[in-house]
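Student: Structure provided below as structure tokens; questions to follow.
The values are calculated or read from the model by the stated rules, or taken from the named source; none is laboratory data. What you see is a predicted model, and the numbers here were worked out from it, not measured in a lab. For neighbour counting, all protein chains shown are included, and Cβ atoms are generated from backbone atoms with ideal geometry for every residue, glycine included. Protein only, heavy atoms only, side chains kept; ligands, DNA and RNA dropped before computing areas. Shrake-Rupley method; radii C 1.70, N 1.55, O 1.52, S 1.80 Å.
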Amino acid sequence: MTSDQIQLIKATVPVLREHGVLLTSHFYKRMFENNPELKHIFNMGNQQNNKKQTALAMAVLAYAEYIETPEVLLPVVDHIGHKHTSLDIRPEHYTIVGRHLIASIQEVLGDAATPELLEAWTLAYSKLADLMAGHEQKLYIKQTERTGGWAGWRPFVVKQKVKESEEITSF
Ligand code: HEM
């Protein structure tokens, strides 16, 4: 990325943050309408009660500012990576999210979304996505290499079911 592009990102982060609720609701609405299969990954309870609704889009805004100093991002990338790998999030999901996020930025900014600005955001997102998906690939490999380890979905046979309490059942 050029320094002009980084400046462009830094200048638009506060504006986008100000329209955070609009940006986030545009983004999720768009994504779930066009890619309803993702509803199975996201906790839709979070979407309805607004609790964690802002996590994804707002995190992208926050981290894009540091795209030239990835060492600042590494601890947070590792933390999110553990959450993402527990949900089996894959590189192809990043492509879908990126498409809807950039389109939402364009919709929210309207005429202010110049081609240069959208190009800068597309680049920043793709750098962030590569960094995160790359780290997550390493976590998947580590999981697979553990004794009895695996990554993703696999069938299990339920041998026993124990009702531990009114609320908890062990399988
Ligand atoms: C650059 C892109 C992304 C960023 C910056 C990002 C950031 C985050 C953050 C900060 C959290 C909260 C972690 C915590 O619980 O402490 C999170 C959770 C989550 N992320 Fe991502 N994420 C990105 C991409 C994706 C993609 C591609 C998907 C899948 C399509 C995804 C799905 C989720 C889900 C399902 C959660 C759990 C919370 C929920 O159900 O809403 N994220 N992400």
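Student: Of all residues in the range 27-43 being open to solvent by less than 60 Å² (accessible area, probe 1.4 Å) and closer than 18 Å to Met58 by Cα, which is nearest to the ligand (Cβ to nearest atom)? Can you show your working first?
Tutor: Start the filter on the range 27-43 by keeping residues that are open to solvent by less than 60 Å² (accessible area, probe 1.4 Å), which leaves 27-28, 31-32, 35, 38, 41-42.
Now drop any that are not closer than 18 Å to Met58 by Cα, which leaves 27-28, 31-32, 42.
Values: Phe27: 11, Tyr28: 9, Met31: 8, Phe32: 11, Phe42: 4 Å.
Ranking the candidates gives Phe42 first.
Student: Could you run through the range 80-102 and say how many residues are in a helix (DSSP H, G or I), open to solvent by 20 Å² or more (accessible area, probe 1.4 Å) and either more than 10 Å from the ligand (Cβ to nearest atom) or of a type outside the set (Asp, Glu) (or both)?
Tutor: Final tally of qualifying residues: 12.
Student: Identify, please: which residue in the range 46-69 is more than 9 Å from the ligand (Cβ to nearest atom) and assigned to a loop (DSSP other than H, G, I, E, B) and is, among those, modelled with the lowest pLDDT?
Tutor: Of everything passing the filter in the range 46-69, Asn50 is modelled with the lowest pLDDT.
Student: Among (1) more than 9 Å from the ligand (Cβ to nearest atom); (2) among the hydrophobic types (A, V, I, L, M, F, W, C); (3) modelled with pLDDT of 95 or more, which single condition is Ile105 missing?
Tutor: The failed condition is (3).
Student: Being within 12 Å of the chain's Cα centre (by Cα), of a type outside the set (Val, Ile, Thr) and under 22 Å from Arg17 (Cβ atoms) is true for just one of Leu109, Leu101. Which residue is that?
Tutor: Just a single option satisfies the conditions, and that option is Leu101.
Student: Quick one: in the range 70-79, which of the residues that are near the ligand (Cβ under 10 Å from one of its atoms) and under 15 Å from Gln137 (Cα atoms) is least open to solvent (accessible area, probe 1.4 Å)? Give the steps one after another, and end with the answer.
Tutor: As a first pass, look at the range 70-79 and keep what is near the ligand (Cβ under 10 Å from one of its atoms): 73, 76-77, 79.
With the extra rule that they be under 15 Å from Gln137 (Cα atoms), the set shrinks to 77, 79.
Numbers: Val77: 6, His79: 135 Å².
Taking the candidates together, the pick is Val77.
Student: Now a separate question. Taking the condition hydroxyl-bearing (Ser, Thr, Tyr), within 14 Å of the ligand (Cβ to nearest atom) and touching a Gly at 6+ places or on another chain (Cβ under 8 Å), does Tyr125 pass?
Tutor: Here the answer is yes, as Tyr125 does meet what is asked.
Student: Could I ask something else about it? Quick one: which residue in Val72, Val77 is part of a helix (DSSP H, G or I) and touching a residue at least 12 places away in the same chain (Cβ under 8 Å)?
Tutor: Just a single option satisfies the conditions, and that option is Val77.
Student: Mind checking which residues of the range 81-100 are among the hydrophobic types (A, V, I, L, M, F, W, C) and modelled with pLDDT of 95 or more?
Tutor: Residues satisfying the conditions are Ile89, Ile96, Val97.
Student: I need the full set of residues from the range 10-26 which are open to solvent by less than 10 Å² (accessible area, probe 1.4 Å) and farther than 14 Å from Ala112 by Cβ, in order please.
Tutor: Correct list: Gly20, Thr24.
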